[in-house]
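Since every read-out is calculated from the coordinates, none of them should be taken as a lab result. Values in this document were obtained by computation on a predicted structure and should not be read as measured data. Cβ coordinates were reconstructed from backbone atoms using ideal geometry, including for glycine residues, and neighbour counts include every protein chain displayed.
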Amino acid sequence: MTDDRPSFSSILFDRPSCGADERRGEPECFGDLHLDQIVAAVTAGRGEYELQSLFHAPLQSIAAIHYRHEVFRDLEDRVLRARVGAFGEAMRSVRERLAQSQKAHYRLQQQRWFLDAASLYCEAVVRLHADLGATQVQSRGLCALRGFLGPFVRSEGFGSMRDEARRIAEALAAIRYELYIDGARIEVRRDQGEPDYGAEVSKVFAKFERPGAKEYRFRFHEYRDMNHVEAEILERVALLFQSTFAALAAFCDRYREAAFDPTILRFDREVQFYLAYLEHRAHIEAAGLAFCYPEVSDRSKAEGGEAFFDLALAGRLAAERKAVVTNDFHLEGAERVLVVSGANQGGKTTFARAFGQLHYLAALGCPVPARKARLLLFDGLYTHFEREERVESLRGKLEDELLRMRRILDAATARSVLIMNESFGSTTLEDALYLGQRVLRRVIDRDLICVCVTFVEELASLDRATVSMVSQVDPADPTVRTFRVVRQPADGLAHALAIARKHHLRYEEIRARIVARSASA
């Protein structure tokens, strides 16, 4: 008889072979694109899960991206997201109890913390199975998890552990004992049914209570660790109830290494990838910005993005309740390179960073910061941003830039994406034009998708593969940047003439003033 239930190994990866968590380091492009800031904001408050490495590993197949899209869409349901979040909180409590079990100094306390952790784990897993069964999940990932949990919670091993943990916890809760204290001597006895004198005293003095009276009640501090006196008392209690404490010890010995299923523990960590990103997305959407599930291809280079924005910048501006400017772009036919020019401080670098973020987040299988997007699934995302000159390198700034560009072009393929920001700005205009043309020729020959932010406007008309994008200024006041970047021919004179017009410095105006002064002299 074949096993038809869905197999499940990971909520992040569609195939087991893709699921190995390598604790990868941060990609080289992260700092340039401010992806490090995005990941820090998304994972804030979830340090125990070590999620950063999951954001360091872009996916390599369209199927894997669709797998994550399906899970994201399921978890957009608030009820389901709350239930999965409740499972995560329960598992956090499990880990806290396990940590206490390992830190406790006394054997019996260690055992009780472990029993509590195992009990809470069992109930959390059963509740998750019930919650998934009560929700109309559609994704392959969550459907497979539900299919895995059904047989798991009904298995003999899990059922035995859960029942045994419950019986021992009930037996421990039923223990009653008495302490006889005589000076420094304490005697521990089984409960003989002595009356609760505390209740009697409270009853007698209840008639003296006055509303609004000052409270003098003293509260004892609750400590997780026992002191040596409490530990000695507990040891005597264990001698009085040997069968119960023997069962507790046997439970710990039996399940210490096998209580927690690795697949469930992996799900507990991996699902935080989705919950963390959705939580951050909701914060950004509250500022009126849109996210979408991009159309991703590993072949087509007909790209486009509507109302896309820099997610790192949006996070900061949303916190300050400031507006975020969005932009559009598209590449059709033979177009491959967006050459972005225009006024300084006009949003060119922000545009380039947002372009890179869009591609990287799409490769993670995440909703991207745009109203609509069509993107290439890259095999490499490279950045060439200006760097501070390092004395210890014994190289000049230009030489360092050239070497970095050489390494990028040697590694890049026809499925790579390159973001260039003010490359070769340390040299003369003539040399920057020459180097820029040579590099862009190589980029076009390699058929790369590229954004090139530059002050050399001639690069915008280099080839039919290049598209000119220009950062805009306010027509009424050219000193004011709009941070909009639009598709139009580069024309540096337009900005200069606008400034001249604002300050009445056009040739005709200057000549008229000179003539007027000569006439009045």
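For ASP298, nonlocal amide neighbours, meaning residues 5 or more places apart or on other chains whose placed amide H falls under 5 Å from its own, are LEU377. Ordering LYS301, LYS322 by the number of other Cβ atoms within 10 Å of each residue's own Cβ, fewest first, gives LYS322, LYS301. Rounded to whole numbers, the Karplus 3J(HN,Hα) couplings from phi for the stretch 364-378 are 7, x, 9, x, 10, x, 6, 6, 7, 8, 10, 9, 8, 7, 7 Hz, using 6.51 cos²θ - 1.76 cosθ + 1.60 with θ = phi - 60°, and x at Gly and Pro. A Förster radius of 60 Å combined with the Cβ-Cβ distance from PHE455 to ARG78 puts the calculated FRET efficiency at roughly 0.80. Spin-label pair LEU239-ARG190: with each label point 7 Å from Cα along the Cα-Cβ axis, the two points sit 1.6 nm from one another. The mean of 1/r over all distinct Cα pairs in the stretch 289-490, once inverted, gives the Kirkwood hydrodynamic radius of 17.4 Å.
Here the dipole of the stretch 289-490 is about 460 debye; that uses its Cα centre as origin and unit charges on the Cβ of Lys and Arg (positive) and Asp and Glu (negative).
Treat the count of other C-beta atoms within 10 Å as a stand-in for reagent exposure and order ASP400, ASP116, ASP74, ASP191 from fewest to most.
Details: ASP400 16, ASP116 19, ASP74 22, ASP191 10.
Least crowded to most crowded, the residues run ASP191, ASP400, ASP116, ASP74.
Assuming R0 = 45 Å, can you tell me the calculated FRET efficiency for the pair ASP491 and ARG256, based on Cβ-Cβ distance, to the nearest 0.05? The calculated FRET efficiency here is 0.05. Taking each residue as 0.36 nm, the span from GLU209 to ALA231 lengthens on full extension beyond its C-alpha to C-alpha distance by 4.1 nm. The phi torsions of the stretch 152-157, fed into the Karplus equation with coefficients 6.51, -1.76 and 1.60 and a -60° offset, translate into couplings of 5, 6, 8, 5, 5, x Hz, rounded to whole numbers, with Gly and Pro shown as x. Dipole of the chain (Lys/Arg Cβ +1, Asp/Glu Cβ -1, origin at the Cα centre): which of GLY147, ALA334, SER468 lies farthest to the positive side? Result: SER468.
Per-residue 3J(HN,Hα) values for the stretch 139-146, derived from phi via the Karplus relation 6.51 cos²θ - 1.76 cosθ + 1.60 with θ = phi - 60°, read 5, 4, x, 6, 5, 5, 4, 4 Hz in sequence order (x marks Gly and Pro). Note on ALA199 and ILE510: their simple-model spin labels are 10.0 nm apart, each label 7 Å out from Cα toward Cβ. A straight Cα-to-Cα reach below 23 Å connects LYS372 with the lysines LYS301, LYS322, LYS348, residues fewer than 8 places away in its own chain not being considered. The GluC sites (Glu not before Pro) of the stretch 22-116 that meet both conditions, a loop assignment by DSSP and at most 15 other Cβ atoms within 10 Å of the site Cβ, are GLU22, GLU28, GLU50, GLU76.
Amide H neighbours of THR383 under 5 Å, at least 5 residues apart or on other chains, H built in the peptide plane: list them. When sequence neighbours closer than 5 places are left aside, the close amide H contacts are ILE419. Note on THR428, THR349, THR454, THR482: ascending count of other Cβ atoms within 10 Å places them as THR428, THR482, THR349, THR454, the fewest first.
Close amide-amide hydrogen proximity is noted between PHE291 and ALA370, each under 5 Å apart and 5 or more residues distant or on a separate chain (H modeled in the peptide plane; Pro and chain starts excluded). For the pair the stretch 360-439 and the stretch 114-180, the centres of their Cα atoms are 52 angstrom apart. Helical content alone sets the calculated 222 nm signal of the chain at -16000 deg cm²/dmol, taking -39,500 (n - 2.57) per DSSP H segment of four or more residues and averaging over every residue. Computing FRET efficiency as 1/(1 + (r/R0)^6) for VAL480 and LYS372, where r is the C-beta to C-beta distance and R0 is 30 Å, gives about 0.55. As a length-normalised measure over Cα pairs under 8 Å and 6 or more apart, the relative contact order of the stretch 169-303 settles at 17 percent.
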